[in-house]
Amino acid sequence: MRIDILTLFPHMFDGFLSESIVKRAIEKGQVVINVINFRDYSTDPHKRVDDYSFGGGAGMILRPEPIFACVEQIRTTDSLVILLTPQGVPYQQSLAQDLSKEKHLIFICGHYEGFDERIRSLVDLELSIGDYVLTGGELASMVVSDSIIRLLDGVITKDSHINDSFQNQLLDYPVYTKPQDFRGMKVPEVLLSGHHEKIRAWRYQQQLKRTKERRPDLLEKR
Ligand code: 6GU
């Protein structure tokens, strides 16, 4: 998969790209990520990318030209263009699964007070990562990319995402490691039994119980 991220703040991605699973996926060639500063596509003598809002109002608005020029240069017939905005479709695991099958994703990160409405005509999908407002789409694009990259073939052990929270609209079951007794808090007996069928049944019961207690809305969706 290839991911191109259009931003005015490329250094926000430095840590994201240079640590842990994402770093390893890049090194192994499972994903190619390009962070592109769309200011480089401004034809303005001062490289300006924003301007005042017609009709008045506080804040600067991203102009369409640099973003159009950039997307038109990098887009192919295989590309899906995604705009990160609090007005987008609420992001969830099933979308991560769908997007992990794409060949080429282009993320557009808005910043400042907003972007010119005509930018919307360029995009295939608008995504929001939750009902709160961020200073820009950068963190959201990292959240979405991270959740997609971990689903790509060979990035993490196959079994690890079969039991992910939200897979089948259920939260994960509790897990334990050594020691068997930590300050009087004991590992549940069934997990030490070696009885695979009993363990499977216990874990499923725990998933149902957790989801009912913490996220009854997920059970209703099931
Ligand atoms: Cl995608 N962008 C911004 N700026 N704020 C958000 C968001 C995105 N999702 C939730 N809040």
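The values are calculated or read from the model by the stated rules, or taken from the named source; none is laboratory data. None of these values were measured; they are calculated from a predicted model. Methodologically, a virtual Cβ is constructed for each residue, glycine included, from the backbone with ideal geometry; neighbour enumeration extends over all protein chains shown. Quick note on the areas: whole protein, heavy atoms, side chains included, nothing else; ligands and nucleic acids left out. Shrake-Rupley method; radii C 1.70, N 1.55, O 1.52, S 1.80 Å.
Odds and ends about this structure:
- Count - residues of the stretch 104-132 that are at pLDDT below 95 and near the ligand (Cβ under 9 Å from one of its atoms): 2
- Every pair of residues 6+ apart whose Cβ atoms lie under 9 Å, when the first sits in the stretch 120-139 and is of a type outside the set (A, V, I, L, M) while the second is more than 7 Å from the ligand (Cβ to nearest atom) and at pLDDT below 95: Thr135/His111; Thr135/Tyr112; Gly136/His111; Gly136/Tyr112; Gly137/His111; Glu138/His111
- The stretch 133-150, subset more than 10 Å from the ligand (Cβ to nearest atom) and open to solvent by 10 Å² or more (accessible area, probe 1.4 Å), residue farthest from Glu19 (Cα to Cα): Ser147
- Restricting the stretch 155-171 to residues that are under 26 Å from Lys28 (Cβ atoms) and open to solvent by 50 Å² or more (accessible area, probe 1.4 Å), the residue that is nearest to the ligand (Cβ to nearest atom): Phe166
- Search result, residues across the stretch 36-63 that are part of a helix (DSSP H, G or I), out of contact with any Leu (no Cβ under 8 Å at 6 or more places or on another chain) and open to solvent by less than 50 Å² (accessible area, probe 1.4 Å): none
- For the stretch 66-92, taking the residues that are hydroxyl-bearing (Ser, Thr, Tyr) and open to solvent by less than 40 Å² (accessible area, probe 1.4 Å), the one that is nearest to Met1 (Cα to Cα) is identified as Ser79.
- The residue that is nearest to Gly136 (Cα to Cα), among those in the stretch 1-35 that are open to solvent by less than 30 Å² (accessible area, probe 1.4 Å) and part of a helix (DSSP H, G or I), is Phe13.
- Within the stretch 177-204, considering residues that are in a loop (DSSP other than H, G, I, E, B) and hydroxyl-bearing (Ser, Thr, Tyr), the one farthest from Asn163 (Cα to Cα): Ser193
- Every pair of residues 6+ apart whose Cβ atoms lie under 8 Å, when the first sits in the stretch 170-194 and is closer than 30 Å to Arg222 by Cβ while the second is open to solvent by less than 100 Å² (accessible area, probe 1.4 Å) and in a loop (DSSP other than H, G, I, E, B): Leu171/Ser165; Leu171/Arg215; Asp172/Asn163; Asp172/Asp164; Asp172/Ser165; Tyr173/Asn163; Tyr176/Val187; Tyr176/Pro188
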